[in-house]
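The values are calculated or read from the model by the stated rules, or taken from the named source; none is laboratory data. A quick note: this is a predicted structure, and the numbers were derived from the prediction, not measured. Glycine gets a Cβ as well: all are built from the backbone with ideal geometry, and neighbour counts include every protein chain shown. Side chains are part of the model used for accessible areas, which takes the heavy atoms of the whole protein and leaves out ligands, DNA and RNA. Shrake-Rupley method; radii C 1.70, N 1.55, O 1.52, S 1.80 Å.
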Amino acid sequence: MLMRAAVLTGFHDPLEIREVEIDDPGPGEVRVRVRASGVCGSDLKAIDGKSPVVREPPFVLGHESAGEVESVGAGVTTVEPGDRVIIAMNGPCGHCRHCGAGRFHLCSDPARLRAVMGGEPRLRLAGREVRRFIGIGSFAEYAVVAETMCVKVPGTAPFAALCLLACGVVTGVGAVLNVARVRPGSSVLVVGCGGVGLNVIQGAVLAGATTIVAADVAERKLKLAERFGATHTLLAADLPRQVGELVRGGTDYAFDVTGVPGVLTEAFAATQPGGTTVMVGSPPAGRPVELDPGLLFASRRLMGTQGGDAAPHRDLPMLAGLYLRGRLDLDGLVSERLPLDAVNEAVTHAREGAVARTVITF
């Protein structure tokens with residue numbers, strides 16, 4: 001069947017709205033009618049040729065998405081046509097060494113690794129194969145994905161909110177709850193208050209942190225940070241000194257959501273002895289990070305995370321439930337809703353940092 005999709009035909013070029021042929025779902029696959037897809041910083045990296053999983057166009061971008069099951073392939077048992085689903089960024093196999101240890105985000109199943117690099121060929125444009133970003137490609141009317149990537153959700157939440165759970169929310173909240181495991185009553189520093197950083201702040205609130213310091217170079221983002229639970233805000237400069245003036249000795253936890261190596265260095269130095277720093281944003285590959293080894297002797301820890309170390313079928317329904325009970329603000333993250341035809345406008349707004357999230361709605 002034919003569908004409309006936003007196709008990356010060349011790095012640094014605007015996305016093109018084209019008619020793309022999409023296959024029926026194969027064994028173990030599901031075709032989802034996409035209802036909403038957030039515009040994420042990872043999509044911008046792909047456009048700029050800086051994504052390790054987009055080696056050569058053409059690609060259909062988009063991954064932070066939710067929709068309705070349209071059809072299923074042979075052997076699919078967990079979802080059926082009409083089900084409302086979030087499309088998870090990964091579908092762990094459940095039986096490899098990492099999955100057996102509960103580290104689903106590190107699943108080493110070859111099929112999952114192929115999906116991350118674009119997945120099996122399911123799309124064509126004028127006879128030419130088109131890859132899907134992270135095996136999804138949700139800047140399109142439909143997406144064919146593995147059954148394990150489809151997470152059923154309650155029938156009352158709007159898709160524009162639900163889609164954000166797939167990436168920005170689970171990454172930010174998961175960094176707090178799954179990775180750092182922030183303790184109640186502790187102090188937290190969050191550097192970078194974009195879509196993911198705001199969810200780190202929400203995660204810190206959920207964890208019971210009592211001091212939440214938000215830092216960014218854009219003052220307008222700090223206003224948003226206060227809405228989502230920051231108790232203090234800083235214009236990011238000389239973080240160890242500024243944070244030390246607010247929290248004697250530094251914070252218990254720090255989260256760098258910028259992906260800038262020098263910022264990670266400062267965030268690490270802004271924690272107190274015994275503190276934990278989590279690298280949420282991903283620095284460019286091959287760029288070294290400088291750390292004062294003397295700080296490590298004081299039992300400070302540096303940790304990384306991939307998608308909030310999430311187990312999709314555990315974490316996404318939990319987050320959806322928190323939203324429905326009013327404990328997680330998703331509506332406030334949606335700065336604007338735009339149609340697929342305005343996807344390049346959405347990309348521009350994301351680059352300018354003028355929005356928490358733009359959502360493409362269908």
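Heavy atoms only, probe 1.4 Å: what % of the accessible area of the chain goes to carbon and sulfur, would you let me know?
51
When only C-alpha pairs under 8 Å and at least 6 residues apart count, what is the relative contact order of the chain, in percent?
On the way: 899 pairs, mean separation 63.4, N = 362.
Relative contact order comes out at 18 percent.
Using the Cβ atoms and a cut-off under 15 Å, what net charge is assigned to the surroundings of V243, where Lys and Arg are +1 and Asp and Glu are -1?
Details: positive: R241, R248, R300; negative: D216, D238, E245, D252, D256, E266.
Taking every Cβ under 15 Å from that of V243, the sum is -3.
Counting Lys +1, Arg +1, Asp -1, Glu -1, what net charge surrounds P25 among other residues with beta carbon under 10 Å of its beta carbon? Spell out each step's value before the answer.
Working: positive: R31, R122; negative: D23, D24, E29, E70, E147.
Counting the neighbours of P25, the net charge comes to -3.
Considering only protein heavy atoms, what per residue accessible area in square angstrom results for segment 226-272 with a 1.4 angstrom probe?
In whole numbers, segment 226-272 has 43 Å² accessible per residue.
Report the charge-dipole magnitude of the chain in Debye, nearest 20, computed about the Cα centre from +1 at each Lys and Arg Cβ and -1 at each Asp and Glu Cβ.
Numbers: 36 positive and 38 negative charges, 149 e Å.
Charge dipole, the chain, about its Cα centre: 720 debye, nearest 20.
Where the centre of each part is set by its Cα atoms, how far does segment 173-209 sit from segment 273-314, in angstrom?
Cα centroid of segment 173-209 versus Cα centroid of segment 273-314: 14 Å apart.
Tell me, what HN-Hα J-couplings in whole Hz come from the Karplus equation 6.51 cos²θ - 1.76 cosθ + 1.60 at θ = phi - 60° for each residue of segment 349-362, using x for Gly and Pro?
5, 5, 5, 6, x, 7, 10, 6, 8, 9, 10, 7, 10, 10
Once you treat every alpha carbon in segment 120-241 as an equal point and sum by Debye, what is log10 I(q)/I(0) at q = 0.18, 0.19, 0.23 Å⁻¹?
The Debye formula, applied to the Cα set alone, gives -0.95, -1.00, -1.24.
Which is farthest toward the positive dipole end of segment 279-337 among G332, P284, P317, measuring Cα position about the Cα centre, with Cβ charges +1 (Lys, Arg) and -1 (Asp, Glu)?
Farthest along the dipole direction, towards plus: P317.
Can you tell me the length gained on complete extension of the stretch E56 to R33, counting 0.36 nm per residue apart and subtracting the Cα distance?
Gain in length upon complete extension: 5.7 nm.
Select from segment 273-347 those GluC sites (Glu not before Pro) which occupy a DSSP coil region and have at most 10 other Cβ atoms within 10 Å, ordered by residue number.
E290
In nanometres, what is the gap between the two model label sites at A298 and L235, each 7 Å from Cα along Cα-to-Cβ?
Here the answer is 2.7 nm between the modelled labels.
Just how large is the dipole of segment 234-339 about the Cα centre, in debye to the nearest 20, putting +1 at every Lys and Arg Cβ and -1 at every Asp and Glu Cβ?
On the way: 9 positive and 12 negative charges, 52 e Å.
Dipole about the Cα centre, nearest 20: 260 debye.
With loop defined by DSSP as not H, G, I, E or B, and exposure as at most 10 other Cβ atoms within 10 Å, which is the longest segment of the chain clear of exposed trypsin sites (Lys or Arg not before Pro)?
Formally, the longest exposed-site-free interval is 1-180.
Report the calculated FRET efficiency for R325 and T210 (r = Cβ-Cβ distance, R0 = 22 Å), to the nearest 0.05.
So, using R0 = 22 Å, E works out to roughly 0.50.
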